[in-house]
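First up is the structure itself, then whatever we jot down about it.
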Amino acid sequence: MKKWLMLISLLFVAMLAACGEDSSNEEGSVDIKDMVHDYSIGSNDDVSASITSQELIVTDSKNNETTHDLPEDEFFVSIAPFIETTHPCANHSLTGCQGEMVEKEFDVYIQDEEGNVVVDETMTSFANGFIDLWLPRDKTYNVKIQYDGMTAESEISTFENDNTCITTMQLVK
């Protein structure tokens, strides 16, 4: 009887420990966001990483691919404002896309279709020339980016299968 009680107690403790290891969506989202940021700033030279509207795709040097689901309520988008040079892009390559305007300060203003201001701040592009944003999903936004007296405006959306790479925002006077 004592052995059975001990076995049941051990199983109960193991079950509690397993439940404690299960991370919530919010915790997982933070980890994914950190991973995306690390790839964006170039701190992982031995892999390539791209991001779709639904997942982060990481490929190692042996061509092994790992996918990570993105948060259900947030959409990743990376914008490369430009003056002269851009490239066509739909799904952002965190480790491969290169924008023209490296480490420049931009005034970024984003408003949703109801008129709510989602972003209104000065942001600095990364060494890859992109500005990374996490926006609420399933919405349409008006984006205005200003730099040195020039402005770019565009409408973007964050629905399933929308582009995560915005390379069409040309700054003009």
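For residues that are modelled with pLDDT under 50 and in a helix (DSSP H, G or I), tally how many sit in the range 9-49. Explain how you work it out, then say what you get.
Keep residues of the range 9-49 that are modelled with pLDDT under 50, which gives 9-30.
Narrowing the set further to residues that are in a helix (DSSP H, G or I) leaves 9-21, 25-30.
Summing the residues that are modelled with pLDDT under 50 and in a helix (DSSP H, G or I) in the range 9-49 gives 19.
For T52, only one of the following conditions fails: (1) touching a strand residue (DSSP E or B) at 6+ places or on another chain (Cβ under 8 Å); (2) modelled with pLDDT of 95 or more. What is its number?
All conditions pass for T52, except number (1).
Okay, residues lined up against (1) open to solvent by less than 30 Å² (accessible area, probe 1.4 Å); (2) of a type outside the set (A, V, I, L, M, F, W, C):
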residue	(1), (2)
V117	no, no
F126	no, no
F130	yes, no
L135	yes, no
N142	no, yes
E155	no, yes
T158	yes, yes
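For the range 92-141, which positions are more than 18 Å from the chain's Cα centre (by Cα) and β-branched (V, I, T)?
Matches in the range 92-141: V102, V117, T122.
Take the residues in the range 95-119 that are touching a residue at least 40 places away in the same chain (Cβ under 8 Å) and not basic (K, R); name whichever of them is nearest to S40 (Cα to Cα). Break it down stepwise before answering.
As a first pass, look at the range 95-119 and keep what is touching a residue at least 40 places away in the same chain (Cβ under 8 Å): 95-97, 99, 101, 104-107.
Next, only the ones that are not basic (K, R) stay: 95-97, 99, 101, 105-107.
Working: T95: 6, G96: 9, C97: 9, G99: 12, M101: 15, E105: 17, F106: 18, D107: 20 Å.
Step by step, filter the range 95-119, then rank; the result is T95.
To keep it simple, each residue is scored yes or no on (1) loosely packed, with under 13 Cβ neighbours inside 10 Å; (2) in contact with a strand residue (DSSP E or B) (Cβ under 8 Å, 6 or more places away or on another chain).
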| site | (1), (2) |
| --- | --- |
| N63 | yes, no |
| D69 | yes, yes |
| E74 | no, yes |
| E84 | yes, no |
| A90 | no, yes |
| G96 | yes, yes |
| K104 | no, yes |
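The values are calculated or read from the model by the stated rules, or taken from the named source; none is laboratory data. Since the model is a prediction, treat every value here as computed from it, not as a measurement. Backbone-built Cβ (ideal geometry, glycine too); neighbour counts: all protein chains shown. We work out accessible area using only protein heavy atoms, side chains counted, and drop any ligands, DNA or RNA first. Shrake-Rupley method; radii C 1.70, N 1.55, O 1.52, S 1.80 Å.
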